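A short write-up of the structure that comes next.
The values are calculated or read from the model by the stated rules, or taken from the named source; none is laboratory data. Just so it is clear, the model here is predicted, and its values are computed rather than measured. Neighbour counts are summed over all protein chains in view; Cβ atoms, including those assigned to glycine, are modelled from backbone coordinates with ideal geometry.
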Amino acid sequence: MSELWDVYTIDRKLTGKTCIRGEQDKLADGEFRLWVMAWIKNPKTGKYLISQRAADKKTDPLKWETVAGHSIVGDTGVSAAIREVFEEVGIAFKPEDAKKLATKIAIAYDGQRHYWIRDSFYFETTEEPDLQKATTREVIQTKWVTFEEFKEMYERGECCLNMGDLYGFVLNPVPGDRYRDTIGRVVKGKIDRPLGSFHPRHPSLYYPVNYGYVTDVLGGDGAEQDVYLLGESSPVAEFTGKVISVYHRYDDNETKWVVLPCDENGTIRSDIAIPTEDEIYAQIAFQEQFFSGVLVM
């Protein structure tokens, strides 16, 4: 029996449609599939669990990877990750064991149409994998590796390309409470790439939201702090806004502040709805699809 996947909008609302595995190319514009990755670490040894794909896999046979797979009808990101872990390596987790590391939405990630949403989760366990308990035969062997061992394997071409996300998670983790004083802050700034414009050096990059900077704060790159100004339906030149979240990039030295228009006291305009986490991911995906990161709210 063919595996069925739920079809979502870009902000993760169910469309009521399903997609048959292998026929994802038939998705229409604005329709997305959901897949997951699960990073498993032994907190006592500091090593990560990786597995070798079966020889009969259509893509990347015999390559090494972390647990990964598609959600099926009725799954959430968390339930899909837990199911995939048990199916592939025989370890049973509970929802409370999962920590979301990142969400990535790909629209045209490498110049080609993709339309997928990917959730990455982190788990810790001292339990050993058991391929006899696994309910699929997608994995032929597993092993625990240090980050340095993984890095060497990846650079030798022994791993699936999506394993590169581990670099950011390990080398640039979300920094504790650093953003606590940022979220809720009232800031002023300018918009240099207004809604409806295109990137000056990359003309294929269209700005569906107002994108600019805070005039009195420097970002990680030494320039003014970048912001996504949401909630405006037309281009603006300047703004006063309230920071509602921070997008922490794992693979870059910049963070992006997500801002809604407000008055001097921080009161958000009454005509603006506070976006959900999924709605924010959807609105910034036009640019963040090229990076790996997570929203801090």
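Given the criterion closer than 23 Å to T15 by Cβ and hydrophobic (A, V, I, L, M, F, W, C), identify the matching residue among V78, V85. Just a single option satisfies the conditions, and that option is V78.
Taking the criterion of being acidic (D, E), part of a loop (DSSP other than H, G, I, E, B) and surrounded by 14 or more Cβ atoms within 10 Å (Cβ to Cβ), the only residue of the stretch 50-84 that qualifies is D75. Residues of the stretch 11-49 being assigned to a helix (DSSP H, G or I) and either at positive phi or basic (K, R) (or both), which ones? Result: K26, single match. Whether any residue in the stretch 85-108 is at positive phi, in a loop (DSSP other than H, G, I, E, B) and surrounded by 12 or more Cβ atoms within 10 Å (Cβ to Cβ) is what I want to check. Checked against the condition, which is being at positive phi, in a loop (DSSP other than H, G, I, E, B) and surrounded by 12 or more Cβ atoms within 10 Å (Cβ to Cβ), the stretch 85-108 yields at least one hit. Picking from L205, L161, L166, L195, which residue would you name as being within 30 Å of A68 (Cα to Cα), outside the structural domain of A54 (by TED's automatic domain parsing) and surrounded by 11 or more Cβ atoms within 10 Å (Cβ to Cβ)? Just one listed residue meets the conditions, L205. With respect to the stated conditions, G111 is among the small types (G, A, S), at pLDDT below 95 and closer than 24 Å to Y154 by Cα.
Within the stretch 19-33, the set of residues being surrounded by 14 or more Cβ atoms within 10 Å (Cβ to Cβ) and out of contact with any His (no Cβ under 7 Å at 6 or more places or on another chain) comprises C19, Q24, L27, E31, F32.
Does any residue of the stretch 109-124 turn out to be over 22 Å from L166 (Cβ atoms) and of a type in the set (A, V, I, L, M)? No - not one qualifying residue is present in the stretch 109-124. So which of V73, V36 is closer than 21 Å to G164 by Cβ, modelled with pLDDT of 95 or more and not basic (K, R)? Unique residue meeting the criteria: V36. Residues of the stretch 190-204 that are touching a residue at least 40 places away in the same chain (Cβ under 8 Å) and part of a strand (DSSP E or B): K190, I191. Taken together, the residues in the stretch 143-158 that are β-branched (V, I, T) and exposed (fewer than 15 other Cβ atoms within 10 Å of the Cβ) amount to 1.
Here is the figure for the stretch 214-234: residues that are in contact with a Phe, Trp or Tyr (Cβ under 9 Å, 6 or more places away or on another chain) and either modelled with pLDDT under 95 or not in a loop (DSSP other than H, G, I, E, B) (or both) total 10.
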